Amino acid sequence: MPNKPQPGSSLRDLILDLNQTPVARMRLFSEGVNKNTRLFFYETAVGDRACLACGNCVDACPVVRDKQRFVFIQNQRTSMALENIVGLECRRCYNCIQACPQVTKENKDYANSYRRGEKAVHLLLACTIFLLAATGIITSHYRNFLPLFEVSLLDVVHRALGMVLIFLPVLYYMIDRHHFFRLFRKIFSWNRNDLKWVKELIEHLRDHRKNPMPYTGEFNTAQKAWYLYVVCMLPLMAVTGMLMALEFYDTTEPAYFNLLLIHMVVALITDLLLFVHIYIKYLRKWAITVYDLVRVFIKRHHLNYADLYEKGDYAFARYFTLEKRPF
């Protein structure tokens, strides 16, 4: 039989586009606890869309991990408590939806695929910039030490990757037009809140214990600046790279040297910003996890987090909250 149409897809899209925790509202599109995943004695739970207070969404949320690290009290392990903790800082990862037993498989798949095109382009962009950096550095600094064939091959790969970089915005538009226009609307909307964000960041860097981190949700000021830089960088790198590749200027002319200088400076800035982006998104979290493991080992002489959940050790567990760390 053909699949049933998905009701309310436009409304679901609206929910998934908001910078707010979506799990509670996505339950409204679900049927609640399935008969095959419940105990026989709880027949009234079938079809119930209320929160079960299982805490799965709280444990799965990266914002909760960054803000509080651990949430122990049971009445704070609900979707309502999650909304209070996250506020408007939702990163739209949809981990809460995937973790909730009340959300049906259909809606989990819908949320999981909603940003698939955007994430694919994001990953392809990061890989392309990384490979461009590697091939560009090798051909620029080690050309005289490599055989002619390897140098020629790297030049061809570098130019091919440059063409991929130019084509990426077109690919983004083709496979995910909705998020393409959403991105441009967000990164070109600047106001006084962005200036306030910068001031709060400076205060946080001066004294992180007294001043919390500014807004870290989607399209915060730093993220908008990064995306805006990428949008401006792509055509600049494309123009300078194509002018050099098509040999409009002789390599001995000052114009060629200026093009090469602009190309290399922008490439260097892009590589450094990409490293910062990777550090904030991944390396910092890994460093915090290693820090936690070291502290557990010093206190308990093993690497098991389970001791942090013992009732008698709650004070020790609170020592691990993010605001207590020198990060």
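The values are calculated or read from the model by the stated rules, or taken from the named source; none is laboratory data. Keep in mind the model is a prediction, meaning the values are calculated, not measured. Don't worry about glycine lacking a Cβ; one is built from the backbone with ideal geometry, like all the others, and counts go over all protein chains shown.
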| Hits in region 89-115 (condition: without any contact (Cβ under 8 Å) to a residue 24 or more places away in the chain and under 24 Å from residue 167 (Cβ atoms)) | 113
| message | So residue 61 ticks every box in (1) closer than 19 Å to residue 13 by Cα; (2) modelled with pLDDT of 90 or more but one. Which box is left unticked? | response | (1)
| query | Considering only residues of region 160-174 that are crowded, with 16+ Cβ neighbours inside 10 Å and over 23 Å from the mean Cα position of the chain (by Cα), which is nearest to residue 231 (Cα to Cα)? | reply | 162
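Picking from 88, 18, 28, 131, which residue would you name as being hydrophobic (A, V, I, L, M, F, W, C), at pLDDT 90 or above and surrounded by fewer than 17 Cβ atoms within 10 Å (Cβ to Cβ)?
Working: 88 fails: at pLDDT 90 or above; 18 fails: at pLDDT 90 or above; 28 fails: at pLDDT 90 or above.
On inspection, the qualifying residue turns out to be 131.
Could you pull out the residue among 225, 255, 245, 267 that is surrounded by fewer than 17 Cβ atoms within 10 Å (Cβ to Cβ), small (Gly, Ala, Ser) and under 27 Å from the mean Cα position of the chain (by Cα)?
On the way: 255 fails: under 27 Å from the mean Cα position of the chain (by Cα); 245 fails: under 27 Å from the mean Cα position of the chain (by Cα); 267 fails: surrounded by fewer than 17 Cβ atoms within 10 Å (Cβ to Cβ).
The match here is 225.
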